[in-house]
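**Student:** Just dropping this structure here.
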Amino acid sequence: MLDQEIKSQLQEYLKLLENDIVIKASVGSDDVSKEVDELVNEITSMSDKISIEQGSFDRTPSFSINRKGEDSGVIFAGVPLGHEFTSLVLALLQVSGRAPKVDEATIEQIKKLEGPLHFETYVSLSCQKCPDVVQALNIMSVVHPEITHTMVEGSAFKEEVESKDVMAVPSVYLNGEQFVDGRQTLESILEELGSSVDISELNEKEPYDVLVVGGGPAGASAAIYAARKGIRTGIVAERFGGQVQDTLGIENFITTKYTEGPKLVANLEEHVNDYDVDIMNSMRAKSLEKKDFFELELENGAMLKSKTLVLSTGARWRNIGVPGEAEFKNKGVAYCPHCDGPIFEGKEVAVIGGGNSGVEAAIDLAGIVKHVTVLEFLPELKADSVLQDRLHSLPNVTVITNARTSEIYGSDKVEGLRYVDRESEEEIDIALAGVFVQIGLVPNTEWLEGTLERNKFGEIIVDERGTTSIPGVFAAGDCTNSAYKQIIISMGSGATAALGAFDHLIRN
Ligand SMILES: Cc1cc2nc3c(=O)[nH]c(=O)nc-3n(C[C@H](O)[C@H](O)[C@H](O)COP(=O)(O)OP(=O)(O)OC[C@H]3O[C@@H](n4cnc5c(N)ncnc54)[C@H](O)[C@@H]3O)c2cc1C
């Protein structure tokens, strides 16, 4: 079942097991059960520290991972391969006793939670944001005796997914009730549970020489360049990795013919960790003020001080802003085709937007869903011709140009979309189950309103050194007015901004 490369990787990881592990499995005679059975037996055969027992769970096929004589509460229902393979490996290691990469304060926060808390997370194996959630909840389960977590692989439990109307993954249930949807971090889950961070430690931090805000390619690159100058460097990021976390294949990162977003993010993190950089993840900047130092206020109430700043807060998906979009978000309105595409298997969907991301999304979706309608506002698609050619070669795609989407409607989930033909002004309805909005990005700069100069798109205006309108504040990447938005360009501008900040420090 596992290919040779994965097997040899797994073999290396299993050498790190610290204590004996018991896998309890409940399998039937269906095809998925056979896969689960094969997977757990293969894993068991690879280490003397792992044994297998018969288990009994609410769902079949499922298996739990436990320390001998203990119940960890970590359960996988369905096959955790694809993007969830890492979750499986980490669960094996953490249950065996290897400490998760989480700071002591967070571990204490988890221990203080009041149980019992039974989490269930619905995932798809092609979803890149799902593993973060699964891994966070598995850690909570390992740390706290009264917390359990079951990862439910949607395609193995289609009826359950349909009955619960799960239309976006990851979708997390707590004690049987819908809890949170979409991307989460351990910190955001703790916040959702009402557990607050101890900010006194943050407030007591010495001022930085360079404080980077944002942990995408631009921020990571800025942090490395600053730290290499031997100056005190910090990086505060809502989600380390940024948009790259949501990217599947990357073929234009020069020197690497092909890589995938999460892999590039892991490499970025490893590289930043090689230097003396104070990484503060899952924290959001709220406002910026200049006093003796620059003072960066965070959403959690903490205040960080620095002599210079590099702003690299990137961008996020743009909303279309029509009635129904907000109402049906995660109930048929989606933004991430890789994550949520599999939920619409065999159904009719639309993609709004005929640029590169819209057409790429439509090509991906056409391989999964019954039919894709691409709606473009302009008289022609704007995507590269190579993508358009691929799109037009697909039998289950219809392209409608000159279409202004006016409404997304339904009852408790999306049932259709209305658009206006801009030539005839006729209103046309299309019945469908999902709408993927792909109309570009907006810079994450609202929090800087009134602080520094931005253009009409909200992008921070920078010069060739990354200098903004405030001396000592630099900016880089997709949040700036750079002409093109790409990983390699963001990394270059991150380096420029860090060098600009260093120059500023030695001149002032
Ligand atoms: C689906 C998709 C596919 C793509 N494919 C490619 C590709 O193949 N090749 C390519 O070169 N480019 C690709 N791109 C573009 C590329 O990902 C971006 O250009 C690049 O990630 C921009 O880097 P950045 O660091 O400027 O911003 P981002 O990657 O957006 O990172 C921003 C960072 O800032 C953080 N942040 C935001 N607001 C705050 C706040 N208030 N406080 C603290 N932190 C905050 C975020 O959490 C994140 O850490 C793709 C983009 C998408 C969405």
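The values are calculated or read from the model by the stated rules, or taken from the named source; none is laboratory data. Small disclaimer: the values here were computed from a predicted structure and weren't measured. Neighbour counts are summed over all protein chains in view; Cβ atoms, including those assigned to glycine, are modelled from backbone coordinates with ideal geometry. Surface areas here come from the heavy atoms of the whole protein model, side chains and all, with no ligands, DNA or RNA. Shrake-Rupley method; radii C 1.70, N 1.55, O 1.52, S 1.80 Å.
**Student:** As an exercise: evaluate Val435 against (1) open to solvent by less than 10 Å² (accessible area, probe 1.4 Å); (2) within 30 Å of Glu348 (Cβ to Cβ); (3) within 12 Å of the ligand (Cβ to nearest atom) and give the number of the one condition it does not meet.
**Tutor:** Here Val435 clears every test but (3).
**Student:** Here's something else I'd like to know. Select from the range 257-278 the residues that are within 11 Å of the ligand (Cβ to nearest atom) and β-branched (Val, Ile, Thr) and list them in ascending order.
**Tutor:** Thr259, Val265
**Student:** Counting only residues that are in a strand (DSSP E or B) and within 14 Å of the ligand (Cβ to nearest atom), which one in the range 279-289 is most open to solvent (accessible area, probe 1.4 Å)?
**Tutor:** Within the range 279-289, the match that is most open to solvent (accessible area, probe 1.4 Å) is Lys286.
**Student:** Enumerate the pairs (first residue in the range 311-329 and farther than 12 Å from Ile352 by Cβ and open to solvent by 70 Å² or more (accessible area, probe 1.4 Å); second residue anywhere and of a type in the set (A, V, I, L, M) and not in a loop (DSSP other than H, G, I, E, B)) with beta-carbon separation below 7 Å, excluding pairs fewer than 6 apart on the same chain, so at least 6 apart or on different chains.
**Tutor:** Between residues of the range 311-329 that are farther than 12 Å from Ile352 by Cβ and open to solvent by 70 Å² or more (accessible area, probe 1.4 Å) and residues that are of a type in the set (A, V, I, L, M) and not in a loop (DSSP other than H, G, I, E, B), the close pairs are Arg316/Leu441; Arg316/Val442.
**Student:** I'd like to check which strands (runs of 3 or more DSSP E) are fully inside the range 133-190 and have at least 3 residues that are farther than 30 Å from Val236 by Cβ.
**Tutor:** Working: elements: 147-153, 171-174, 177-181.
By residue number, 147-153.
**Student:** Specify the residue that is nearest to the ligand (Cβ to nearest atom); the eligible residues are those in the range 468-490 that are small (Gly, Ala, Ser) and closer than 24 Å to Glu289 by Cα.
**Tutor:** Among them, the one singled out is Gly477.
**Student:** Which residue, of Gly249, Gly230, is at positive phi, small (Gly, Ala, Ser) and out of contact with any Gly (no Cβ under 6 Å at 6 or more places or on another chain)?
**Tutor:** Matching residue, one of Gly249, Gly230: Gly230.
**Student:** If you don't mind, another one. Identify the residue in the range 184-239 that is polar (S, T, N, Q) and within 11 Å of the ligand (Cβ to nearest atom) and, among all such residues, is most open to solvent (accessible area, probe 1.4 Å).
**Tutor:** Step one: of the range 184-239, the residues polar (S, T, N, Q) are 184-185, 188, 195-196, 200, 203, 221, 233.
From what is left, the residues that are within 11 Å of the ligand (Cβ to nearest atom) are 185, 221.
On the way: Thr185: 34, Ser221: 14 Å².
Selected residue: Thr185.
**Student:** Does Asp292 satisfy the condition of being of a type outside the set (Val, Ile, Thr) and either within 9 Å of the ligand (Cβ to nearest atom) or not in a loop (DSSP other than H, G, I, E, B) (or both)?
**Tutor:** Criteria not met by Asp292.
**Student:** Within the range 184-222, can you find the residues that are free of Cβ contacts under 8 Å to residues at least 24 places away in the same chain and of a type in the set (Gly, Ala, Ser)?
**Tutor:** Listed by number, the residues that qualify are Gly194, Ser200.
**Student:** While we're looking at this one, here's another question. Regarding the range 131-148, can at least one residue be identified that is open to solvent by less than 30 Å² (accessible area, probe 1.4 Å) and modelled with pLDDT under 95?
**Tutor:** The answer is yes, given that some residue of the range 131-148 is open to solvent by less than 30 Å² (accessible area, probe 1.4 Å) and modelled with pLDDT under 95.
**Student:** Can you tell me how many residues within the range 242-256 are open to solvent by 60 Å² or more (accessible area, probe 1.4 Å), modelled with pLDDT under 85 and more than 7 Å from the ligand (Cβ to nearest atom)?
**Tutor:** Going through the range 242-256, the residues open to solvent by 60 Å² or more (accessible area, probe 1.4 Å) turn out to be 243, 251-252, 254-255.
Subsequent filtering for residues that are modelled with pLDDT under 85 retains 251.
Within this subset, residues satisfying the condition of being more than 7 Å from the ligand (Cβ to nearest atom) are none.
So the count comes out to 0.
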